[in-house]
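Read the structure below first, then the notes.
Just so it is clear, none of the values below were taken in a lab; they were calculated from the coordinates. Given the structure is predicted, the values throughout are model-derived calculations rather than measurements. Positions of Cβ are backbone-derived with ideal geometry, glycine not excepted, and every protein chain shown enters the neighbour counts.
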Amino acid sequence: MMTVSSVEFQRNFGRYQDVALTEPVAVTRNGRERLVVLSVDEYHRLKKRDRQVLKLEDYTEEDLKAILAVEPSPEAAAFDHEVNG
C-alpha cells in the first residue's frame, strides 16, 4: 500500500486517484495514517464481505435443525475450558 502525506496527496490528487484504482493509498497527517483511498470496485468487494446479523426469527425450522445437528471437530476440544469455566 502506498503511503503519502496529506499535503502531497492534495498537490497531486489526480495522480493518487489513478494509483488508488490499482492499490490502496494511505494518507497521513502528522505522520499518522488518517484515511485510505481505494477504488470503488475494491470498496464494493469489501462491503460484500460484511457480516450479516440474523435474528432467531430469520432462520427456518430446517436451518435450526441443521445447526443443532452440527458436531464440533476434535480440534475444538482445545477450547472446552472457555465454556466449562
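Tell me which trypsin sites (Lys or Arg not before Pro) from segment 3-85 have a DSSP coil assignment and no more than 12 other beta carbons within 10 Å of their own. Mind dumping the intermediate values first?
Details: sites: Arg11, Arg15, Arg29, Arg32, Arg34, Arg45, Lys47, Lys48, Arg49, Arg51, Lys55, Lys65; in loops: Arg49, Arg51, Lys55.
Counting only loop positions with at most 12 other Cβ atoms within 10 Å, the trypsin sites (Lys or Arg not before Pro) in segment 3-85 are Arg49, Arg51, Lys55.
So between Arg29 and Ile67, what do we pick up on full extension, going 0.36 nm a residue minus the alpha carbon distance?
Numbers: separation 38, 0.36 × 38 = 13.68 nm, distance 4.78 nm.
Once the chain is fully extended between Arg29 and Ile67, it gains 8.9 nm.
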Inter-site label distance for Ala78 and Arg49 at 7 Å from Cα along Cβ, in nm: 2.3 nm
Binning at 10 angstrom from zero up to the longest distance, how are the C-alpha pair distances of segment 2-43 distributed in percent? 34, 56, 10
Hey, if you put +1 on the Cβ of every Lys and Arg and -1 on every Asp and Glu Cβ in segment 2-43, which of Asn12, Asn30, Val40 ends up farthest toward the positive end of that dipole? Asn30
Relative to the Cα centre, what is the charge dipole magnitude of the chain, using +1 at the beta carbon of each Lys and Arg, -1 at the beta carbon of each Asp and Glu, and rounding to the nearest 20 debye? 860 debye
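Using only Cα atoms, what is the ratio of the radius of gyration of segment 21-72 to 2.2 N^0.38 Å?
Computed over Cα atoms of segment 21-72, the ratio equals 2.00.
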